[in-house]
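Report on the structure given below.
The values are calculated or read from the model by the stated rules, or taken from the named source; none is laboratory data. What you see is a predicted model; the values in this text were computed from it and never measured. Heads up, the Cβs are rebuilt from the backbone with ideal geometry, glycines too, and the neighbour counts pull from every protein chain shown.
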Amino acid sequence: MINLEHLHPPPGCGHVTAYENDGRLRALHVTEALETTKKWLGGQFIEVTVGQEPVRTAHSKQEAREAFSAHTETPWQRVMFAYYEEGWEASLQEMIKGKDEGSLYQVASTMASVILKVCGIIAKAQALLPSPKRSGSSANTPLVLRGSGGSIVSVAWHPHTNTLAAVFCDDTVRVFAAGRSITPLLKHRLQKSITHIAWMPYSASLMAVGCECGVLLWTLDPVNVVTRPSGSCVSLLAHPSATPINSLTWHPKGNLFACVGGSNSQLVVWDVGREASVVVHSGTGGNISLVLWSPDSSRLFVAYSSKIMRVFETRSWTYEQWSLESPIQSAVWSSLGHLLLFVTQDDPVLYYLGFIPGEGVGGTQVAAQVADLTQTLVSDEDGEEVSVGGPVKQLAWDIRSERLAIVFRDTEFVVLFHTHTHPTLHLAPGGLIRGEPCQVPVSVSFQKNLPNGAVLSVVWSSGQVQHIPMRYSSREPLPSTLNTSTFNTSIRTTHNSILNCSVPLNTSMGYAGSPVTSPLIGGIFTSP
Amino acid sequence: MKPEDLFSSEVLLWRYVRALACLLLLQVVAPMAVCNLYHTVVAQRILNPITVTTNLLTSCIYPTKLLRLVVPAACFVILARVHIKSYTVSAWVPLNRWEKWRRVLSLTVILRSGLIMIACALLANFYTSLAHPDFPFLVIPCTPGDVMCYKRKTVIIYMGAYVGYHYAYKYFMLNGNLITPTPAHPRKLQLIKASLSLRSTREACNTHGANKLSFLCAICIYMAAAIMINLIYDGNWQEWLVIFDLPLMMMTLLATVLLAISLSLFSQVFHIFITEPVEIPVATAEDSNPEAETDSWRLSNALSSSGLLQLLAFWDLKTLASSDPMNFARRTQVFCISQPGGHPRNWMGIMNPSMNLIRKFCERLKRHNCPEDLPKPPVVPAGAASAPTDVNKNEVLIMSLKRYPFFGYFLSDLPDATNRSIFAEALPVIWAVQALGDLVTASFTEDKFGVVQRNIPDILMAFTQLQKVVDGLGRVTISRRPGTGEALPSELQLRKALRFSLRSALYTVTTTFGDTVLAMPVSAECQSKLQSYLQFKEG
């Protein structure tokens, strides 16, 4: 099994990883790095910049009323105003606040406090029951809170063009395109607590923004020069079982997307054109934190906040379930949709799950460990000891499954592996990506429209977005060019799948029964 | 045997039977349990859980109550009969107010609404008779001297009939009978479970007239009626107490809620069973002799049929064409050629009906919106000109009538009605576009004999032409603010969906084929469109 000590030593402090060439990551000084990236990418370079205006985080807004000075109304008036403005609960609270106003008021105040206490007890009792109204308590954290102070928290590449959408911490989205000076600003009163953004495949203009009130579909005309698209470009797709949105994923052909949300475990599929929705699964398992449609569209990965994950087949929506030691943190499908890599929240181990085509889900019974990501001390090129690895924050795999980037929760290096998936999964060390001093990676995303090579966009904690071009010749076939029939037979002969298995991972974690045994051990150090 | 007849005798019939069986199981067992529980706990004041449970069980197998199960069963059979006879796959869009009135006053609609009302009234009476001893069943006569009995019976029956009328109006006039397959098809049990959830139950109560406002109105009307009757018939003061008949109010509430839930469940379960996808074989064994294939049960024939079968056939085609590897074997059948002869019979059998549908739809839109674009019809020989003059006479009459305000109100066209009525039938077209786009894309890697190749330019031209016509109509006029929760009427939504899927299909093809599409023999207009698709400039 590959581990982090196999990686090349990271660049010294003050150097920034700039590009990959000849299979090695190269580091340069900060200014040189940017220049080199610009030179490499030429007209395709997208500079993601924060505008002139200061960006305020959406979660530190102060109440406007606090800015005003004392009032002269009578306590009864205050109670009435509170009722008009915020409802009866606020008026009761206002009633308790006022003291020494006469005996009648005292009685009313005591009654108000009793009523509020009873309400509090009822609310507590309600919280014990599963109710769809309860939100926020166990739902996914919005992107804004996952960032660490920078103005940009996440980026999403368009699947076919050189366009990049960046989520800002004030719950706005800006769209940057190569060679265009106009960066449309997407802002809407319903766009609060963004959790996920995704471009629709096979479309130039559609982007889904998952947020508190549901999924907002933005239609951005690519030839339009409007910097602030109006409200008529948005349509809201909200299903009561899936708000606020925790995660959403597009069908690889567009037209459909699956979304999950709230604190219930319902999986909702939307037809975007007809704006029709259907609940394809509603069962137990706690709230769902992540959904991912496989690139061949036949499977849907669903991660629960409890210690299980399920993979559905998308024909009649039956599923196979796996139990885990801790909830899923992040997962990625391979380009052909026959492999799934995932990490859990607590173990710093990269797991692998294989799938065979045919009827049903066809997943392997046991997940195999492919990389040990335990936090270790390595010495950088200057000889200083730095710590890498630990619990994982995010996985990102490029469109041809040749480069795998891993972002960690506690350490400041992005780990890069060279991978190839056909005929079996191989991992080889790629290197460690370092940013400017004291910068921690927040999220990463691979550009999706490149004919060969890759570009990794890293969002650093300062809010800066860095593009790292990687030059290599691709050897993985594109998903569309692989002949499915030969693929079917080559794998089907090697195993027999057991449907609806529910085997705990912790019992026999390793290579037992897994198809990747020999090639993995033999192939750890081979460069793909 | 024709594919339509085969479909209705071998597929649809069993779906009806299964739907009805499922409904009886769901609807008779569940409401009976609720009513019995009420009967034991509230009416008989038994609170011991063991007694309640045993009572519940014994009352279920009590012979007189078992006999009464005939009544709800009969009601559900009546409702099912009405639903089977009157569901539709495309929304009804009236062209003018006269058509609306004609439908309201048509004999079939009145008859079917009447049947629904009777069924609902019977059901309401049945539910209350189960729940409360003072509410006897319809056929059981009231004891002489019991004034309240008759009143209660009447109120409950009228209330049931009102809920039935409410449902029937929505069903016939507001496209409640429209049946469209859902975007994904999980198992039926899953869908039924989702429709049984607390949220959908509450929604059902609100849509079928069991909401707070209705109750308030019902109570007010009932009280007013009671006071009026007492005043007219000069009753003594004790009869005024009638207006505070608490059990009646409770029963009205219970029966309305149960009825609303029953009706909503009924239509949902019916919908779930009817729209279940059906897999139709691409090629059958008797394909080798070309004479036998006109009527056989195969995809190409189903695609050229109409109604529900056509819709489900296009759904099947869409599933087949999608990139899912599970459909690989079926796609191979589409791309194969006949032995001997080497004809791409399966592909042509799929492409021809789909393209015909798309072309006809495009032509209908053109005829209404831009008649000058249509190719000129051949000149009619002089002898056959009598029929058009009759039509013209009618038109002249209608035109002259429209000038009078009274007739004008009924006969003037509703805004955009013709286009809306055309788009109401767009669902199979949308699926045809998606399926053809996906099949062309799949042919890039899977089509060994090149059977699709020859038709790609035709398909692309048809797509761009249809897109031009649809885009020419301008944007959907009804605007709505996101977050307000109101949905567009289905035909306007379908119009949006058609634009959407055309764009998506063209992008899929151009992205897969790359610059090769520019080398295809297509019209200049289509070529420039494809060019802009290649550059991702179509939004």
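One table, with the values for the structure above:
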read-out: Condition broken by B:Ser523, with the remaining ones in (1) touching a Phe, Trp or Tyr at 6+ places or on another chain (Cβ under 9 Å); (2) at pLDDT 90 or above satisfied; value: (1)
read-out: Spans of helices (runs of 4 or more DSSP H) in segment B:107-200 with at least 2 residues modelled with pLDDT of 90 or more and farther than 20 Å from B:Ile221 by Cβ; value: B:107-131, B:147-173
read-out: Check on A:Trp270, within 8 Å of chain B (Cβ to nearest Cβ) and within 19 Å of B:Phe500 (Cβ to Cβ); value: yes
read-out: Every residue from segment A:227-260 that is at the interface with chain B (Cβ under 7 Å from one of its Cβ atoms), without any contact (Cβ under 8 Å) to a residue 40 or more places away in the chain and farther than 25 Å from A:Leu185 by Cα; value: A:Leu256
read-out: Sole residue being surrounded by 20 or more Cβ atoms within 10 Å (Cβ to Cβ), farther than 24 Å from A:Ser298 by Cβ and of a type in the set (Gly, Ala, Ser), chosen from A:Ser232, A:Ser263; value: A:Ser263
read-out: Set A:Tyr352, A:Tyr319: member being aromatic (Phe, Trp, Tyr) and away from chain B (no Cβ under 14 Å); value: A:Tyr352
read-out: Number of positions in segment B:430-463 that are away from every other protein chain (no Cβ under 12 Å), part of a helix (DSSP H, G or I) and free of Cβ contacts under 8 Å to residues at least 40 places away in the same chain; value: 2
read-out: From the options B:Ser323, B:Ser296, residue that is touching a residue at least 24 places away in the same chain (Cβ under 8 Å), within 25 Å of A:His338 (Cα to Cα) and not in a helix (DSSP H, G or I); value: B:Ser323
read-out: Residues (within 14 Å of chain A (Cβ to nearest Cβ), modelled with pLDDT of 90 or more and in contact with a Gly (Cβ under 9 Å, 6 or more places away or on another chain)) located in segment B:291-334; value: B:Ala321
read-out: Matching residues, segment A:320-330, being surrounded by fewer than 22 Cβ atoms within 10 Å (Cβ to Cβ) and in contact (Cβ under 8 Å) with a residue 40 or more places away in the chain; value: A:Gln321, A:Ser323, A:Glu325, A:Gln329, A:Ser330
read-out: Options B:Thr207, B:Thr182, B:Thr154; residue that is under 21 Å from B:Pro72 (Cβ atoms) and among the polar types (S, T, N, Q); value: B:Thr154
read-out: Residue within segment A:116-123 that is modelled with pLDDT under 65 and within 30 Å of A:Ser91 (Cβ to Cβ) present; value: no
read-out: Qualifying positions in segment B:489-517 - without any contact (Cβ under 8 Å) to a residue 24 or more places away in the chain, farther than 17 Å from B:Pro183 by Cα and within 8 Å of chain A (Cβ to nearest Cβ); value: B:Thr511
read-out: Flag for A:Lys307 being touching a Pro at 6+ places or on another chain (Cβ under 7 Å) and either closer than 24 Å to A:Lys393 by Cα or among the acidic types (Asp, Glu) (or both); value: yes
read-out: Set A:Val343, A:Val302, A:Val386, A:Val349: member being out of contact with any helix residue (DSSP H, G or I) (no Cβ under 9 Å at 6 or more places or on another chain), buried (at least 23 other Cβ atoms within 10 Å of the Cβ) and within 19 Å of A:Leu4 (Cα to Cα); value: A:Val343
read-out: Test for A:Leu190: is it within 8 Å of another protein chain (Cβ to nearest Cβ) and within 18 Å of the chain's Cα centre (by Cα); value: no
read-out: Selected residue (criterion: nearest to B:Ser323 (Cα to Cα)) from residues of segment B:518-530 that are part of a helix (DSSP H, G or I) and touching a residue at least 60 places away in the same chain (Cβ under 8 Å); value: B:Leu530
read-out: When residues of segment A:273-297 are limited to those that are small (Gly, Ala, Ser) and within 21 Å of the chain's Cα centre (by Cα), the one nearest to the other protein chains (Cβ to nearest Cβ); value: A:Ser297
read-out: Identity of the residue in segment A:142-168, modelled with pLDDT under 85, part of a loop (DSSP other than H, G, I, E, B) and surrounded by 13 or more Cβ atoms within 10 Å (Cβ to Cβ), that ends up nearest to the other protein chains (Cβ to nearest Cβ); value: A:Pro142
